[in-house]
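The block underneath contains the structure these notes are about, expressed in C-alpha cells.
The values are calculated or read from the model by the stated rules, or taken from the named source; none is laboratory data. Here the structure is a predicted model, which means the values were calculated and not measured. Cβ: placed from backbone, ideal geometry, glycine included. Neighbour counts: every protein chain shown. We work out accessible area using only protein heavy atoms, side chains counted, and drop any ligands, DNA or RNA first. Shrake-Rupley method; radii C 1.70, N 1.55, O 1.52, S 1.80 Å.
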Amino acid sequence: MDKHPFIDKVRIFVKAGTGGSGCLSFRREKGVPFGGPDGGNGGNGGSVILLGNSGLSTLIDFRYKPHFEAERGEHGMGKNMYGRNAKDMTILVPLGTVVKDFDTGEVLGEILNENPGMLIAKGGKGGRGNTSYKCSTNRAPKSFEYGEEGEEKTIFLELKSIADVGIIGYPNAGKSTLLSKISKANPKIANYPFTTLSPNLGVVRIEAGVSFTWADIPGLIDGAHTGAGLGGEILRHVERTKILVHMVDVSAEERDPVKDYTNINKELALYSKELAKKPQVVAANKLDMPGAKKNYELLKKHLAKKKVKLFPIAAMKGEGLKELVFEVFKKYKKIKEKN
Ligand SMILES: Nc1nc2c(ncn2[C@@H]2O[C@H](COP(=O)(O)OP(=O)(O)OP(=O)(O)O)[C@@H](O)[C@H]2O)c(=O)[nH]1
Ligand SMILES: [Mg+2]
C-alpha cells in the first residue's frame, strides 16, 4: 500500500462535553440549626472548535483518529462551589478545509484563516445547583438541574486544492519566474536554490471569464520523499493540485536533463502512486541561454520515446509560454469534465 495515500476527504465524529450537574446540598454546621441551601452550579462542557493551521496540508491524520470528544464540565459541589468549566477542544485542520454536515451535505463553513476558529459542537451548559433556586418564598429549595448534553455531530472535512496546476522541478529551475509571467502573482525570484519556501498562487486567464489557478511549488531535491529539504511538506502541496507542470532547467551544460527529469519523477513515485499518476506537462526552461539547445534536444529525444511532448520555453523572456499554458489548460479541461 502507498505510504501516503491521497486523502482529501474524511468523516469525523465530534462530541462536545456535557455540562456538569448542579448540586443539591444544605449547609450543616454545629450550632447552625438551619444553614440553608449551598449546592453550587455545574460547569459548562467543553465545545469542539476547528482551527486553521498553515503548517498542515493534508487530512491524512484524521483517517487514524476520526473521533473527538471534549471534556465534560465539573459537577457543582456543596459549600456553594461551582464546578469548573471544561476546556474547549480544538482540532487543527489545514487552511482550505471545507466543513460539511455529513447527514445533509450542507456546507457549514470553510476554514480559510488561522483565526477565528469555527464552533462545530457546543458544550452543554452546566446545571443549576439548589442555591440558585433560593428565593423569598422558598428558602430551602430542593431543585437542581442536570448538565445539558454536549452537541454531537458527524461532519465531512474536504480539502480544497491549493491550485489547479502545480509547477514542480529542482530548485532554481525558474518555476516562480514562470508564475510571475503568466499571472499577476509577484513571487520572489532569485538565482539561488530554495527561494520559494511555500507556494505562491496566481490566476492564469485564458479568455474573458475563463481562468485557472497555478502555484509555484518549492523546489524538490533528491530524497524529498523521505522529507529531505522540506520534501514531505512540499509533496503534500503537490498532492493538492490537479496537473503538474514539470520544469527542467536545460541551460546548465554540466547537468543531465534526462536524469533531472527522471529523478524528480522518481521522488513523486516513491512518495505515492497518486503523485506518479498525476498528469504532467513537461517544459524545458532557459532556452535563451547559450548551450541550452543541446540539453533540450537530449531531453526531447528521451521524452519522444515515451510519447511525451516537451515544451521549449524561456520563462524570463516570456517565450513559448502561450503554447505551454494552452496545453495545460486543455488537460485541465479534460480532468474537469471527468469529475
Ligand atoms: N536565462 C534565464 N534565466 C531564467 C529563466 N527563468 C528563470 N531564470 C532565472 O533563474 C533563477 C531562478 O528562478 P526562480 O524563478 O526563482 O526559480 P525557482 O524554480 O522558483 O527556484 P526555487 O524557488 O528556489 O525552487 C533566477 O535568477 C531567474 O531569473 C529563463 O528563462 N532564462
Ligand atoms: Mg521559486
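Express in nm, to one decimal, how much length is gained between residue 276 and residue 198 on full extension, taking 0.36 nm for each residue of separation and deducting their alpha carbon distance.
My answer for the length gained is 25.9 nm.
Helix 292-305 and the longest principal axis of the C-alpha atoms of the chain enclose an angle of approximately 80°.
Once backbone amide H atoms are built at 1.01 Å from N, residue 26 has 38 as its partners under 5 Å, excluding neighbours fewer than 5 places away on the same chain.
In the chain, the longest principal axis of the Cα atoms and the axis of helix 257-271 are about 20 degrees apart. With all protein chains in place and a 1.4 Å probe, the accessible surface of the chain carries 52 percent carbon and sulfur. Our estimate of slack between residue 253 and residue 297, defined as 0.36 nm per intervening residue step minus the Cα-Cα distance, is 14.6 nm. Once you reduce region 64-85 and region 218-248 to the center of their Cα atoms, the two points are 44 Å from each other.
Given a 1.4 angstrom probe, what's the average accessible area per residue across the chain, in square angstrom? Display every interim value, and only then the final one.
Numbers: 18110 Å² over 339 residues.
Spelled out: the 1.4 Å probe surface of the chain, per residue, equals 53 Å².
A simple charge model with +1 on the Cβ of Lys and Arg, -1 on the Cβ of Asp and Glu and nothing else charged puts the dipole of the chain at about 440 debye relative to its Cα centre.
Report, in debye and to the nearest 20, how large the dipole of region 24-168 comes out about its Cα centre when Lys and Arg carry +1 and Asp and Glu carry -1 on their Cβ.
1160
With the simple model of a label 7 Å out from the Cα in the direction of the Cβ, residue 134 to residue 110 spans 5.4 nm. What the Cα convex hull of region 9-159 gives, in volume per residue, is 124 Å³. Modelled spin labels at residue 289 and residue 63, positioned 7 Å past Cα toward Cβ, are 3.9 nm from each other. Applying 1/(1 + (r/R0)^6) with R0 = 45 Å to the Cβ-Cβ distance of residue 306 and residue 53, what FRET efficiency is obtained, to the nearest 0.05? It comes to 0.70. The trypsin sites (Lys or Arg not before Pro) of region 226-318 meeting both criteria, a DSSP state outside H, G, I, E and B (loop) and at most 14 other C-beta atoms within 10 angstrom of the site's C-beta, are 255, 306, 307, 309.
From the alpha carbon centroid of region 17-46 to that of region 265-339 is 72 Å. Of the residues 269, 132, 237, the one whose Cα sits farthest towards the positive end of the charge dipole of region 131-269 is 132 (charges of +1 on Lys and Arg Cβ, -1 on Asp and Glu Cβ, taken about the Cα centre). Of the trypsin sites (Lys or Arg not before Pro) in region 48-98, the ones in a loop by DSSP (not H, G, I, E or B) with at most 16 other beta carbons within 10 Å are 79, 84, 87. Taking every Cα-Cα distance in region 125-256 and sorting them into 5 Å bins starting at zero, the pair-distance distribution P(r) comes out as 2, 9, 14, 15, 12, 7, 5, 3, 3, 3, 4, 4, 5, 5, 4, 2, 1, 0, 0, 0 percent.
Taking region 125-273 as the region of interest, the number of lysine pairs whose Cα atoms are within less than 21 Å, with members eight or more places apart or on different chains, is 16.
Extending 7 Å from Cα along the Cβ direction at residue 190 and again at residue 337 yields two label points whose distance is 4.4 nm. May I ask for the angle, rounded to the nearest 10°, between helix 321-338 and the longest principal axis of the chain, with both axes built from Cα atoms and the value confined to 0 to 90°? Taking the Cα atoms of the chain, the angle to 321-338 is about 50 degrees.
Whole-Hz Karplus values for region 154-168 come out as 10, 10, 9, 10, 9, 9, 6, 5, 6, 7, 5, 10, x, 9, 10 Hz, taken residue by residue from phi with 6.51 cos²θ - 1.76 cosθ + 1.60 and θ = phi - 60°; glycine and proline positions read x.
Taking each residue as 0.36 nm, the span from residue 266 to residue 84 lengthens on full extension beyond its C-alpha to C-alpha distance by 60.0 nm. Judged by the gyration tensor of its Cα atoms, with axes a ≥ b ≥ c, region 165-338 is rounded; a/c sits under the 1.5 cut.
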